Amino acid sequence: MTVLKVMVVDDEPPARDELAFLLSKLPSVSIIGEADNGPASVALVAQHAPDVIFLDIQMRGMSGLDTALAIRDISPQTLIV
């Protein structure tokens, strides 16, 4: 069985926690990191090269769209939801 390396990025802890909880119930998913802002998520992507990132669009500071562009530059194979 292939296990997807997944990251969850959301600036609202309840939303991040709930999504991580739901994803943790799937045997084919391994949550390798969580972040609450764009710069932290870009740093985690550089370290861990996740397969998939669940990325909030509206975040304080660096928006989800700006974060997605930065992630594309360092990890073009990573899928962004």
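The values are calculated or read from the model by the stated rules, or taken from the named source; none is laboratory data. Predicted model, so just to flag it, every value in this text is computed and none were measured. Cβ: placed from backbone, ideal geometry, glycine included. Neighbour counts: every protein chain shown. Quick note on the areas: whole protein, heavy atoms, side chains included, nothing else; ligands and nucleic acids left out. Shrake-Rupley method; radii C 1.70, N 1.55, O 1.52, S 1.80 Å.
Brief remarks on what is shown
- Per residue, the chain reaches -13000 deg cm²/dmol at 222 nm when only DSSP H runs of four or more residues are counted, each adding -39500 (n - 2.57).
- Cα centroid separation - region 51-72 against region 9-29, whole Å: 16 Å
- Nonlocal amide H pairs with M62, under 5 Å, H built at 1.01 Å: G38
- Each residue of region 14-19 was assigned a 3J(HN,Hα) from its phi angle through the Karplus curve 6.51 cos²θ - 1.76 cosθ + 1.60 (θ = phi - 60°); the sequence is x, 5, 4, 5, 5, 5 Hz, with glycine and proline shown as x.
- Largest to smallest principal axis extent of the C-alpha atoms in region 1-40, angstrom: 31, 20, 7
- Taking amide H positions as modeled 1.01 Å from N, with prolines and chain starts lacking one, the residues under 5 Å from L4 and 5 or more places away or on another chain are V29, S30.
- Per residue, the chain exposes 58 Å² of accessible surface when a 1.4 Å probe is rolled over the protein heavy atoms with every protein chain present.
- In this label model, D73 and S24 are separated by 3.3 nm, measuring between points 7 Å along each Cα→Cβ vector.
- Here the chain is treated as an ellipsoid with the same Cα gyration tensor; its semi-axes, largest first and in whole Å, are 19, 16, 9.
- Using C-alpha pairs under 8 Å with a sequence gap of at least 6, the mean separation divided by the residue count of the chain gives a relative contact order of 33 percent.
- By accessible area with a 1.4 Å probe, ligands and nucleic acids excluded, highest first: order of F54, F21: F21, F54
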